[in-house]
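Remarks on the structure that follows.
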Amino acid sequence: MLELLLKNQAYPLSIREIQEALSISSTSVVAHHLKQLERKGYLSRDPANPRDYKIIADPDDSDIFYANVYGMAQCGPNGTILDGHPLERLPFAKRLITFPLEQVFIVAAKGDSMEPKIKERDLVVAKMQSGADTGSIIVGVHNSKVLIKQYHITKEGIILTSYNPKYAPIRVVREEDLIIEGIVKSVISYA
């Protein structure tokens, strides 16, 4: 089963597709084996979406893992981005990631507010976490809009800023209006 999952990481299979591919008698048997792979540390799964899994270790000790890509963020779709429905997966060398692989996610930058460091269509590699230190670059949802911004805690409250000076800072009026999805760890230039 792990071999089948490895071959289909770019386009994950449903439980029923796994059942059919391996000629297994029922979907509950597939679910049991998936839980065993997860328990043994080979797989990380989102219980809300059976197609959202990551191979975090494999028997061949591959140097490659697949990171989830969740669409675009203004620098975007409305609402949270880590909804368990990645748009695609991209292969990465494990050695390039310095934090746990199951915490990796990617968004594509949209707009020019974070130029010159982050340009339109750049891939932003982030670490899932719900808090940030002042000065961190975050991927967050503010008033239902996904943003990539620099996060600041001031006496007046939380301020989100852009690198591009033509954009005014965003003052977060209520803390509950901002959901931090993760911290930007690296940027892969599109150009």
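The values are calculated or read from the model by the stated rules, or taken from the named source; none is laboratory data. Everything numeric in this text was worked out from a predicted model, so none of it was measured. Methodologically, a virtual Cβ is constructed for each residue, glycine included, from the backbone with ideal geometry; neighbour enumeration extends over all protein chains shown.
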(request) State whether one or more residues within region 176-191 are exposed (fewer than 12 other Cβ atoms within 10 Å of the Cβ) and of a type in the set (A, V, I, L, M). (result) yes
(request) State all residues of region 41-50 that are closer than 13 Å to residue 5 by Cβ and either at pLDDT 75 or above or among the small types (Gly, Ala, Ser) (or both); if no residue qualifies, say none. (result) 42, 43, 44, 45
(request) Return the total of residues in region 99-123 being more than 14 Å from residue 180 (Cβ to Cβ), hydrophobic (A, V, I, L, M, F, W, C) and part of a strand (DSSP E or B). (result) 5
(request) Just need a number here: residues in region 12-41 that are part of a loop (DSSP other than H, G, I, E, B), loosely packed, with under 14 Cβ neighbours inside 10 Å and not polar (S, T, N, Q). (result) 2
(request) Residue by residue through region 125-183, note down the ones that are part of a loop (DSSP other than H, G, I, E, B), of a type outside the set (A, V, I, L, M) and over 20 Å from residue 111 (Cα atoms). (result) 129, 130, 131, 133, 134, 135, 155, 156, 174
(request) Return the total of residues in region 56-100 being among the β-branched types (Val, Ile, Thr) and either at pLDDT below 80 or not assigned by TED's automatic domain parsing to the domain that holds residue 182 (or both). (result) 4
(request) Name the single residue, out of those in region 142-176 being among the basic types (Lys, Arg) and farther than 21 Å from residue 70 by Cβ, that is farthest from the chain's Cα centre (by Cα). (result) 155
